[in-house]
Amino acid sequence: MDYPGNLFVVAAPSGAGKSSLVKALLELDSHVHPSISHTTRAPRGQEKHGREYFFASEPEFDAMVQGNAFVEWARVHGNRYGTSKKAIEERIAQGSDVILEIDFQGALQIKKAFANAILVFILPPSWEELRSRLERRGEDSADVIEVRLKNAAIEMAQVSKFDFVIINELFERALFDLKAVVHAQRLKYAAQRRARADTFQSLNIT
Ligand SMILES: Nc1ncnc2c1ncn2[C@@H]1O[C@H](COP(=O)(O)OP(=O)(O)OP(=O)(O)O)[C@@H](O)[C@H]1O
Ligand SMILES: Nc1nc2c(ncn2[C@@H]2O[C@H](COP(=O)(O)O)[C@@H](O)[C@H]2O)c(=O)[nH]1
């Protein structure tokens with residue numbers, strides 16, 4: 001389906017820095033809107049319902065799956081996460097750009113539903129740095145960090161299926177690259193829409 005707004009999907013192994021990069025992008029670019037996912041994970045320290053996530057019980061999440069409310073959902077690191085259709089369709093239909101911060105399974109489901117979606121994969125510069133970022137963040141127990149690092153190898157094996165890969169070594173450099181992807185995509189779709197409008201006009205199609 002073709003929508004006037006752009007859909008960006010950012011995936012990365014846990015700790016690579018995607019939330020930090022997306023947050024910085026949102027502060028700089030008011031035309032990009034985040035999609036707030038639903039999750040069965042418990043809230044972390046400062047997280048608020050409706051800000052980082054909509055926190056849902058297992059039965060609540062089940063009901064949404066049964067009700068076909070998700071455009072994609074996946075089990076990630078032992079919890080379920082999903083993107084509600086409502087969260088994105090209304091906005092991109094109105095011409096806004098929407099950014100999703102989800103895992104690779106969800107990203108690939110999104111590409112099937114929205115062929116124009118742009119998939120961006122964020123890589124850490126090294127395994128040592130990935131571990132150290134997870135430890136420094138101080139949000140997850142040692143066991144959870146081990147699970148996330150183990151899953152990171154599986155996630156990174158999917159990188160070739162993404163449209164763009166950004167290495168988040170120097171934060172400002174990675175942010176520059178993410179901004180460039182968003183900007184390039186806007187120019188590309190704007191040009192395509194103009195070309196189509198011109199053709200429609202010359203063919204007298206309304
Ligand atoms: N370029 C960078 N250099 C150093 N530290 C960074 C960099 N980018 C992010 N960080 C830090 O690494 C930690 C992990 O970043 P962040 O929470 O954004 O990762 P994430 O990919 O969103 O993880 P998750 O999927 O678990 O939510 C944070 O403490 C963040 O401040
Ligand atoms: N497939 C989906 N994955 C999602 C969604 N929202 C978040 N995520 C991913 O889950 C992991 C863990 O996140 P955390 O907040 O517990 O650290 C991370 O890779 C997220 O990107 C979603 O709606 N669908």
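Before moving on, here are some points about what is shown:
- Computed E for S19/W127 - FRET, C-beta separation, R0 22 angstrom, nearest 0.05: 0.65
- Placing unit charges on the Cβ atoms only, positive for Lys and Arg and negative for Asp and Glu, gives the stretch 1-114 a dipole magnitude near 200 debye about its Cα centre.
- A Förster radius of 25 Å, combined with the Cβ-Cβ distance separating N68 from K150, puts the computed FRET efficiency at roughly 0.20.
- Stretching R51 away from N79 to a fully extended chain increases their span by 8.2 nm, per 0.36 nm per residue minus the current alpha-carbon distance.
- Helical content of the chain, expressed as a calculated mean residue ellipticity at 222 nm, amounts to -15000 deg cm²/dmol (DSSP H runs of 4 or more residues, -39,500 (n - 2.57) each, divided by residue number, nearest 500).
- Translational diffusion of the stretch 14-83, estimated by Stokes-Einstein from the Kirkwood radius over alpha carbon pairs at 37 °C in a medium of 0.692 mPa s, is 247 µm² per second.
- Fully extending the segment from R193 to A113 would add 26.8 nm, taking 0.36 nm per residue of separation and subtracting the current Cα-Cα distance.
- Charge tally around L119: other residues with Cβ under 10 Å, Lys/Arg +1 each, Asp/Glu -1 each, net +1.
- Tail beyond 30 Å, pair distance distribution of the chain (Cα, percent): 23
- Set K23/K111; K85/K150; K18/K188; K112/K161 screened for pairs whose C-alpha atoms are more than 19 Å apart: K23/K111; K85/K150; K18/K188
- Placing +1 on each Lys and Arg Cβ and -1 on each Asp and Glu Cβ, with no other charges, gives the chain a dipole about its Cα centre of roughly 420 debye.
- Note on the stretch 1-134: with neighbouring protein chains present and a 1.4 Å probe, carbon and sulfur make up 52 percent of its accessible heavy-atom surface.
- Where the stretch 5-113 is the region considered: accessible area per residue in Å², 1.4 Å probe: 46
- Cα Rg, Dmax (largest Cα-Cα span) when computed across the stretch 1-42, Å: 12.4, 36
The values are calculated or read from the model by the stated rules, or taken from the named source; none is laboratory data. This one's a predicted model, so the numbers in the text were calculated from it and none came from an experiment. Here the Cβ is made from the backbone with ideal geometry for all residues, glycine too, and neighbour counts use every protein chain on show. These area figures cover heavy atoms from the full protein model, side chains too; ligands, DNA and RNA do not enter into them. Shrake-Rupley method; radii C 1.70, N 1.55, O 1.52, S 1.80 Å.
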